[in-house]
Each structure stands twice: as structure tokens, then as C-alpha cells.
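The values are calculated or read from the model by the stated rules, or taken from the named source; none is laboratory data. Remember, it's a predicted structure, so these values are computed and weren't measured experimentally. Cβ placement follows ideal geometry from the backbone for every residue including glycine, while neighbour counts extend to all protein chains displayed. Note: accessible area is taken over every heavy atom of the protein model, side chains too, but ligands, DNA and RNA are not part of it. Shrake-Rupley method; radii C 1.70, N 1.55, O 1.52, S 1.80 Å.
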Amino acid sequence: MLDLTRLLPGAMATLHLADMGADVIKIEDTVAGDYSRTMGRVREGMSDSFRLLNRNKRAMRLDLKQPRGREAFLKLAERADVVVEGFRPGVVAKLGVGYDAVSAVNGRIVYCSISGYGQDGPYAQRAGHDINYIGYAGVGDQIGPAEAPVVPNFQIADLLGGALVPAMGILAALVDARSSGRGRYVDVSMTDAALAHAVFPLLGFFEGGKAPARGTGMLDGGLPCYNVYRTKDGRFMAVGALERKFWATLCDILGCPELKEKHIVYGADAESVKARLERIFGSRTQREWTEVFAGADCCVSPILRIDEALANEQLRARKMLVDEGGFTQFALPLKLSEFEFRIERKAPGVGEHTEEILREAGYGDDDIAALRNQGVI
């Protein structure tokens, strides 16, 4: 898999595939390379974010603006299964390494382009980031309290649209290529992906002619039975008692059985129930409430900080954290039979595997020396 992406979206997509066994070759230019190498805390010449996103990958530096650089890329592409890129539409074609050029030398190639708005449409050439994509998709409008939208500290479009959807498309196209012998072009728009998963805003629009106002819908704070409540120590508990049986159990534990009939309520009715629950939850600390609900079957749990999540017994039991020389990383978020996830390679240094990869493609020592002298690698 030849990976031309930078920063978060494409890197996360190829990380998942690398963790499942794909031989991902990260190709960076000979100048700046992937900007994430120096974003945030840098240790031993590599940022923590780059280290998290690029394990189990190999890396090379290649100047695609030079003819011999394009030639080397196409030679690598002849034996590749997948190419992934995240530039603006038209950039890779201009460089001579777009889908048409690659499929001409390898008809089985799966070529995935990840962009903010897709390869066509009036916004195709617009710049953007996660906040812009969810804004256009109607998702940003749904996040936050009634007063104003907020900036989520979780990159919805980048991770859903720029990582999981591309991985899904790549794997589907690979399955087809194995049976048909023909590759495919996979065009992923992060805005499209955010829109395609905005299920409840769309349902609200269908039912009422417009999406529910922020904080008034079923799953965004409108219901007392699906909400967050502040505890005595300023922490929070998450209540997800959507099913009537869970709500009934919750009301019994909290000592307010008269609220059982106020399960699915909105508006003024909801506000009075929320106020009652706020007073109750505000009477004890988060730790105390966690102990109260530890054995209760009603979907109530503490809202943990990330440091607490890292120490959580469930996530530890699922082996969701791995240690790489004192550096904690997330594991692959799925389990496969007869497969055990492990970090086979640490995140690569700049151009660490350039010569190794070129030799695999048939380049000899003299050829590699010439490419280096010409600044191609």
C-alpha cells in the first residue's frame, strides 16, 4: 500500500490497515514531508502524534515533481495493491501519479482519494478542515448547548470520513479486485461521510420540517433519561436509560419512583425532571455514584478523563493499550480470530526505508546512488 497522505485522516486509515497486516509504505516529499512529524511535543526527532499514527509502516522520501521520482513511484505502483492520497483534487494527476497513470501500469490497483468535499462539485477545490466539513454537513449545528455550537474535541469528519470510510471503501474494492481482476477508484469526501451519518438530525427534519434545536433532541440532551448530570465534586455521570426498564431501575435507585411515568418527555416536562435529577446527583461525588451504580443494570456510568480511561479495568481487560518503550498507544480497536495485534515496527524515521523499498522494486546500488545525487530521494 502506497500512502501519500499527511496529518490525521489518511494516516489513521492506513494505520488501521497496517495494524491488520498491510505493508504500508509512507511516501513523503524530500522537503517538508508529513507536517505531523513536528506537531506538538517532539522527542528523538519525532512528535508523539506521528508516533501514534504511523507505527507498523515503512517510510521513504521521494520527489514526485522530478521525472525520475514519478518513474520510481509508478514502478512501485506496478506491484502495489493500493494507493491512498489526500491532496486537493487534481494534484496527483498534475504530478503524473493519479489514478489514470497508475491504473495504466497496474489494472488491479485500488486508488483511494480522500478530500474535504470530493473530486467534483462546486466546492471541490475549497480548503477546509474538520470544523468546516461538519459545518456544511449540518452536524456542527447539532453539537453544543442551545446558545451556540461548540468546537468538538473529537474530529468527526476527519476520523469518520477520512479514516473509517476510506478503509471501508479500500477493503470493499480489494475484495472485488481479487474476484474481477479490476481495480477501482475510491473517491471519499469527508463532508459526504459526516452527512451520511447524521441520522437523527435527518429524522428530526423529516418529522418536524427542521432538525431539533441543539440540546432538545432524543440523543443530545433533550431527554432526562439520556443526559449528563453534575456530581457534588464537579464531575459528571452519564445516564443512558433509554429503555423503560432501565429508567424504572434508575428511579428506584435514586428514590424517585414517581418519575417512572416521566420516561420520554420533552420541553417543560423534561426540564422539571432534569432539575430533580440534577439535585439528586449533586448530593454525592462521582466516586460515590459510581459505587452505587456498579451493580445496577440501568446504563449509568461515570464520565472519565482520558487518564482514567487509560487505567479503566474494562479497557485494560480488552488490551486496548500497548506499551512501546514507555510510550502508551491505543491498540487495534477490533479483535480477529487467529490474529493477535502487535506493533511490528515503530513509527519510521524520515526516509528510513527508502533504499530497502527501492531494492525490492529492482533498483540497484548505482541506481539508488544516482537518485540520491539528483535529490529524487
Qualifying lysines (Cα of each under 19 Å from Cα of LYS94; at least 8 residues distant if same chain) = LYS65, LYS75
Modelled label-to-label distance, ARG359 and THR216, 7 Å Cα→beta-carbon offset: nm?
-> 6.7 nm
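What is the gain in length, in nm to one decimal, between ARG126 and SER180 on full extension, counting 0.36 nm per residue of separation less the C-alpha to C-alpha distance? Write out the running numbers ahead of the final one.
Details: separation 54, 0.36 × 54 = 19.44 nm, distance 3.55 nm.
15.9 nm is the gain from fully extending ARG126 to SER180.
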Calculated from the structure, log10 I(q)/I(0) by the Debye sum over Cα atoms at q = 0.06, 0.09, 0.12 Å⁻¹ equals which of (1) -0.31, -0.66, -1.02; (2) -0.27, -0.60, -1.01; (3) -0.36, -0.67, -0.94?
-> (1)
With +1 on each Lys and Arg Cβ and -1 on each Asp and Glu Cβ, how big is the dipole of segment 318-377 about its Cα centre, in debye rounded to the nearest 20?
-> 480 debye
Highest GNM mean-square fluctuation among LYS75, LYS262, LYS335, for the chain with Cα springs under 10 Å, belongs to LYS335
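Please give the per residue accessible area of segment 232-377, computed with a probe of 1.4 Å over protein heavy atoms only, in Å². Intermediate values should be presented prior to the final figure.
Numbers: 8880 Å² over 146 residues.
So segment 232-377 comes to 61 Å² accessible per residue, rounded to a whole number.
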First compute the accessible area of the chain with a 1.4 Å probe, then give the percent of it belonging to carbon and sulfur atoms.
-> 54 percent
Can you pull the one-decimal nm distance between simple spin-label points at MET20 and GLU271, each 7 Å off the Cα toward Cβ?
-> 4.8 nm
Sketch the reach of a paramagnetic label on LYS232 as a point 7 Å from Cα along Cα-to-Cβ, and name the residues of segment 287-325 whose backbone nitrogen lies under 13 Å away.
-> 287-292
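Quick check: with the 1.4 Å probe, what order do LYS274, LYS232 take by accessible area, largest first?
On the way: LYS274 20, LYS232 140 Å².
The ranking, largest first, comes out as LYS232, LYS274.
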Charges only on Cβ, +1 for Lys and Arg, -1 for Asp and Glu: so what's the dipole of the chain about the Cα centre, in debye to the nearest 20?
-> 280 debye
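Taking a probe of 1.4 Å, how large is the accessible area per residue of segment 85-218, in Å²?
Working: 7180 Å² over 134 residues.
Heavy-atom accessible area per residue stands at 54 Å².
Taking 0.36 nm per residue of separation and subtracting the Cα-Cα distance, what length does fully extending CYS256 through ALA331 add?
On the way: separation 75, 0.36 × 75 = 27.00 nm, distance 4.18 nm.
Length gained between CYS256 and ALA331: 22.8 nm.
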Straight distance only, please: which lysines reach the Cα of LYS335 with their own Cα at less than 18 Å, same-chain residues fewer than 8 apart left out?
-> LYS319
Alpha carbon centroid spacing (whole Å) that separates segment 230-289 from segment 90-114 | 55 Å
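Only four residue types carry charge here, +1 at the Cβ of Lys and Arg and -1 at the Cβ of Asp and Glu. Report the dipole size of segment 245-377 about the Cα centre in Debye, rounded to the nearest 20.
Numbers: 18 positive and 24 negative charges, 160 e Å.
Using only the charged Cβ atoms, the result is roughly 760 debye.
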